[in-house]
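Heads up: the structure comes next, in structure tokens.
No lab work stands behind these numbers, since they all come straight from the coordinates. A quick note: this is a predicted structure, and the numbers were derived from the prediction, not measured. Note: ideal-geometry Cβ built from the backbone for every residue, glycine included; neighbour counts use all protein chains shown.
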Amino acid sequence: MIVVGGFAVLVHEGRRIVSHRAGGLSACEVGSGKRRVVFRKQRVVAVRAAFEYAFVVIIYFVETEPGEQEIYAHGLGAHDVRFVPTLAEVGEDAEMLAPFINAKVTAEFLATHPRLRFIATRSTATDHLDMPACRARGMTVAHVPFHAEKTVAEHTFALLLALSRRLREVMLAPKGGRFSYESTRGFELAGKTLGIIGMGHVGQRVARLAQAFEMHVLAHDVAQPAEVAAALGFTFVPLVELFAHAEIITLHAPLTPATYHLLNRETLAQCQHGVLIINTARGSLLDTQALREALDSGQVGGAGLDVLEDERLMRAPASKIIAADIVAHLRSEDFASDAHDADRVRELEDLMLGDAVLARPNVVCTPHVAFNSIEAVERLQQVTVENLLAFAEGRRAHLVE
């Protein structure tokens, strides 16, 4: 007996392999494409010789584009690979799942997909996955730990430079009229103090780039290895000190209960007047209501945002989102019972709030694309395929513990 992908498999001297674990991954005839032979709780397959075997696994990818689909289909050609636009279209027969960051995998989703045993998220972060529910279910989860640190760090500086040189205001300046150099004058990064919150791989890369711009760097993280600070020429400080001295603050922390709304009314009030805020990490690290108030008062001088608490606003106007939501709600069977649902009202208020923030001339936004370089996406695709193949073959690769 051998074990493949966590399943006990009995190998005969003849031409058959039988998986004795109910609900196990399906087997297929080698060289016969993706034909699945299933006998209730046992899965049987003819093979060409003893110990020659293969499993065909049903793998669903959520949120992919045509170019990606070709790569994943080729890399996982021995398996039954399916592509769907949303999580709602993942079939109950799914055995592996490869979601992207917008697919919220909940306990309810897991309950309706009893055959699902492995999730390979196409991202570093896992906050879109209900990890407690995954653990309770015994679900194995893998991610892509290192693929976009250089790309995200460079995008961080793209947003920062757009703010420091007031690019949005310059681009919106009236054509053919009197142009004012004074009203669109920027500032140099050299000599400015940059505060980095979160000193993982991305934060460290940002520190390296900041040195090239001759900036002073303060950093905060729960882990503070002195050798890293010495090598990269920055100083670890408490958050209060970082808020007091940083002229620019950039967020690179993971989203956890402890970091939710890390920047809020209280903490923004502790910052220097006119501080610039950059967020390429997670939208909920920054309280949108508090940001708007601070922008209105001048406490925050500008913001560069690749993420937002409701990122739908980065791809469509609030009016269109709200209209679609109202139509869907009116058609819902639950309309009568939850027409005054406070959560729905709050969601609409948040949409309008976020829309008002993004409309400001001193706010530069991109629709969660900081990771999106040719090199980073190629690394993500390669590791995702490796993660899926490893689990199917009984190996461990980039598992989230």
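Values as computed for the structure displayed
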{"item": "Per-peptide average of other Cβ atoms within 10 Å, ordering 195-205, 97-107, 73-83 highest first", "result": "195-205, 97-107, 73-83"}
{"item": "Net charge contributed by nearby residues that have their C-beta within less than 14 Å of Leu263 (K/R +1, D/E -1)", "result": "-1"}
{"item": "Cβ crowding within 10 Å averaged over residues, with 267-277, 366-376 ranked highest first", "result": "267-277, 366-376"}
{"item": "Charge context of Met131, other residues only, Cβ under 14 angstrom, K/R +1, D/E -1", "result": "0"}
{"item": "Amide hydrogen neighbours beyond the local backbone of Ala98, cut-off 5 Å, H modeled", "result": "Tyr60, Phe61, Val62, Ala120"}
{"item": "Spacing of the two label points (7 Å from each Cα toward its C-beta) at Glu65 and Asn372, in nm", "result": "0.6 nm"}
{"item": "Distance in nm between pseudo-label sites at Thr184 and Glu241 (7 Å out along the Cβ direction from Cα)", "result": "4.1 nm"}
{"item": "Phi to ³J(HN,Hα) by Karplus 6.51 cos²θ - 1.76 cosθ + 1.60 over segment 108-113, Hz, x for Gly, Pro", "result": "5, 4, 4, 5, 8, 10"}
{"item": "Ranked list, fewest to most other Cβ atoms within 10 Å of each Cβ, for Tyr72, Tyr181, Tyr260", "result": "Tyr181, Tyr260, Tyr72"}
{"item": "Projected label distance in nm at Ala111 and Met352, using a 7 Å step from Cα toward the beta-carbon", "result": "3.4 nm"}
{"item": "Long-range amide H partners of Ile248 with built H, under 5 Å", "result": "Thr193, Gly195, Leu276"}
{"item": "Charge sum, other residues only, whose C-beta stays under 15 Å from His201's C-beta, Lys/Arg counted +1 and Asp/Glu -1", "result": "0"}
{"item": "Label zone at Thr193 (point 7 Å along Cα-to-Cβ), backbone N below 14 Å, segment 274-302", "result": "274-276"}
